[in-house]
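J.: Okay, handing you the structure first.
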Amino acid sequence: MAILVTGGAGYIGTHTLVELSKAGYEYVVIDNFCNSDKKAIERVEELTGKSIKLYEGDIADCELMDKILKENNINACMHFAGLKAVGESVEKPLMYFKNNVIGSIKMLDVLIKNGVKKIIFSSSATVYGEPETMPITEGFPKGETTNPYGRTKSIFEDILIDTSKADSEMTAVLLRYFNPVGAHESGRIGEDPEGIPNNLMPYITQVAVGKRDILHVFGDDYDTPDCSGIRDFIHVTDLADGHVKALKKIGVLPDGEVPADTGVIIYNLGTGKGTSVLELVKAFEEANGVKVPYEITDRRPGDVAVMYCDASKAEKEMGWKAERNIEKMCADAWNWQKNNPEGYKG
Ligand code: NAD
Ligand code: WQD
């Protein structure tokens with residue numbers, strides 16, 4: 001029995017492969033490397049001491065997907081493959097709908113035809129839109145997403161919900177990630193954005209390592225204690241561990257399956273604690289003894305002031321809780337960046 005991991009060469013996928021190995025799971029990876037590097041797979045092999053069965057290709061390639069499912073004894077799919085740059089999705093919405101929605105539908109169809117009906121989906125806190133109160137529980141209604149990327153996540157969630165209603169064997173876990181940061185503590189795998197980073201932590205690490213001059217802090221006029229935005233940052237290893245717990249929750253164990261709930265289950269994956277942009281910069285400087293020069297600029301369009309979750313459902317139902325604090329997130333992000341200043345290209 002093996003888990004099919006789509007997008008397994010990416011940031012969250014690689015960290016999840018390491019945790020899956022630790023927990024004793026076998027897996028097969030499909031990735032088209034549109035936003036990742038083959039070196040990332042080699043590094044996972046180095047960390048786990050096992051070679052990875054890798055298929056290079058697109059999840060929308062039904063023939064390839066069918067071949068993978070026929071050649072391997074797959075019993076569940078972890079679906080990470082997707083495009084994730086919010087700004088790019090505004091400029092190229094069709095590319096995002098095509099890849100993240102149409103590609104995922106094609107993949108799901110082949111999975112179901114081959115009897116694979118257990119899926120763990122990488123969703124996002126962005127599906128909540130801009131709730132009026134915090135913390136966000138899974139009971140909050142989905143909100144108006146501010147960009148096409150967010151809509152692709154919300155749409156594919158709905159597709160999984162409707163598919164599950166029509167097939168009592170379907171089981172989908174929708175994992176709504178808050179803000180994943182950090183890297184594996186070995187410093188061998190980490191986040192390797194192409195070009196100018198969109199997200200805060202890789203921007204901070206690139207300023208610290210001297211690749212960029214200065215961090216732009218987007219807005220100091222939010223209604224928050226230090227007037228900068230607040231997010232729920234979560235260590236990527238904790239996030240990866242949440243995926244392993246989700247497999248167990250739906251009865252998929254390393255050596256077989258046990259009866260478990262079917263249908264759709266939704267979990268927030270975050271720490272439940274908000275940290276402001278300025279607090280994160282300070283924590284990074286203190287944890288690592290480096291300076292991160294910054295300047296305040298205008299708000300970034302589409303940004304919400306505050307986002308943090310109530311993560312108690314995942315703890316109650318899956319026994320999962322984020323263990324790593326902000327200092328550890330900063331230390332591991334820096335350990336990765338300083339040892340790999342050019343990411344996997346170095
Ligand atoms: P990533 O870009 O590092 O990884 C995604 C991987 O999927 C890449 O290796 C890419 O090459 C591959 N891929 C993309 N489209 C593909 C396709 N059509 N066929 C085959 N492979 C394809 O991103 P990540 O940060 O690891 O995110 C993983 C998932 O989690 C994504 O679906 C993303 O939307 C979601 N997510 C990420 C965050 C975040 O902040 N990183 C937050 C919430 C949700
Ligand atoms: C965090 C905070 C910025 C960069 C995005 C997606 C979301 C999910 C996670 C995929 C905000 C501020 C940022 C910078 C800054 N991705 N910031 N200077 O926007 O919360 O979430 O990534 O699913 O869908 O929207 O994350 O890291 O971009 O920003 O001041 O250079 O840092 O304004 O307050 P965000 P982020």
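J.: I want to check the label-to-label distance for residue 42 and residue 253. Put each point 7 Å from Cα in the C-beta direction and report it in nm to one decimal.
T.: Between residue 42 and residue 253, the label points sit 3.8 nm apart.
J.: Roughly how many whole Å is it from the C-alpha centroid of region 299-341 to that of region 36-89?
T.: 24
J.: Can you list the residues, at least 5 places off or on another chain, whose amide H is less than 5 Å from the amide H of residue 26, using H built in the peptide plane?
T.: Sorted by chain and number, the residues that satisfy this are 3.
J.: Another question about this same structure. Leaving out ligands, DNA and RNA, and with a 1.4 Å probe, what % of the accessible surface on region 170-242 is carbon or sulfur?
T.: Accessible surface attributable to carbon and sulfur in region 170-242 totals 44 percent.
J.: Which FRET efficiency value, to the nearest 0.05, do you get for residue 134 and residue 73 by plugging their Cβ-Cβ distance into 1/(1 + (r/R0)^6) with R0 = 30 Å?
T.: My answer for the efficiency is 0.10.
J.: A follow-up question, please. Enter the angle in degrees (range 0 to 90, nearest 10) between the Cα long axis of helix 326-339 and the first principal axis of the Cα atoms of the chain, meaning the one along which they spread out most.
T.: The angle comes out near 90 degrees.
J.: Using 0.36 nm per residue, how much length does the chain from residue 161 to residue 1 gain when fully extended, once their Cα-Cα distance is taken away?
T.: Here the segment from residue 161 to residue 1 would lengthen by 55.1 nm.
J.: Between residue 88 and residue 51, what is 0.36 nm times their sequence separation minus the Cα-Cα distance? Round to one decimal in nm.
T.: 9.9 nm
J.: Just to be sure I understand: with springs between alpha-carbon atoms less than 10 Å apart, which residue in 120, 296, 155 has the highest mean-square fluctuation in the Gaussian network model of the chain?
T.: 296
J.: Rolling a 1.4 angstrom probe over the protein heavy atoms, how many square angstrom per residue are accessible across region 48-149?
T.: With all protein chains present, region 48-149 gives 48 Å² per residue.
J.: Hey, what do the phi angles of region 19-27 turn into as Karplus ³J(HN,Hα) couplings, whole Hz, using 6.51/-1.76/1.60 and θ = phi - 60°, x for Gly and Pro?
T.: Residue by residue, region 19-27 yields 5, 4, 4, 4, 7, x, 7, 9, 8 Hz.
J.: Kindly provide the trypsin sites (Lys or Arg not before Pro) of region 1-65 that DSSP labels as loop, not H, G, I, E or B, and whose Cβ sees at most 15 other Cβ atoms within 10 Å.
T.: Sites meeting the loop and neighbour criteria: 50.
J.: Taking a temperature of 10 °C and a viscosity of 1.306 mPa s, what whole-number D in µm²/s does Stokes-Einstein yield for region 275-346 with Rh from Kirkwood over alpha carbon pairs?
T.: 105
J.: Ok, one more. Name the most mobile residue of 307, 134, 170, meaning the one with the largest mean-square fluctuation, in a Gaussian network model of the chain with Cα contacts below 10 Å.
T.: 134
J.: Once the Cβ-Cβ distance between residue 26 and residue 342 is put in as r, and R0 is 45 Å, what FRET efficiency do you end up with, to the nearest 0.05?
T.: The formula returns an efficiency of 0.90 here.
J.: Please compute the length gained on full extension between residue 209 and residue 286, using 0.36 nm multiplied by the number of residues separating them and subtracting their Cα-Cα distance.
T.: Going from the current span to full extension adds 26.2 nm.
J.: When the chain is modelled as a GNM with alpha-carbon springs shorter than 10 Å, which of 335, 325, 75 fluctuates the most?
T.: Largest GNM mean-square fluctuation: 325.
J.: Something else now. With the full set of protein chains in place, find how many percent of the accessible area of region 112-165 is carbon and sulfur; take the probe as 1.4 Å.
T.: Reported share for carbon and sulfur atoms: 51 percent.
The values are calculated or read from the model by the stated rules, or taken from the named source; none is laboratory data. In this text, all values refer to a predicted model and were calculated from it rather than measured experimentally. Glycine gets a Cβ as well: all are built from the backbone with ideal geometry, and neighbour counts include every protein chain shown. Ligands, DNA and RNA are stripped out before the accessible areas are found, and what is left, the full protein with its side chains, is counted by its heavy atoms. Shrake-Rupley method; radii C 1.70, N 1.55, O 1.52, S 1.80 Å.
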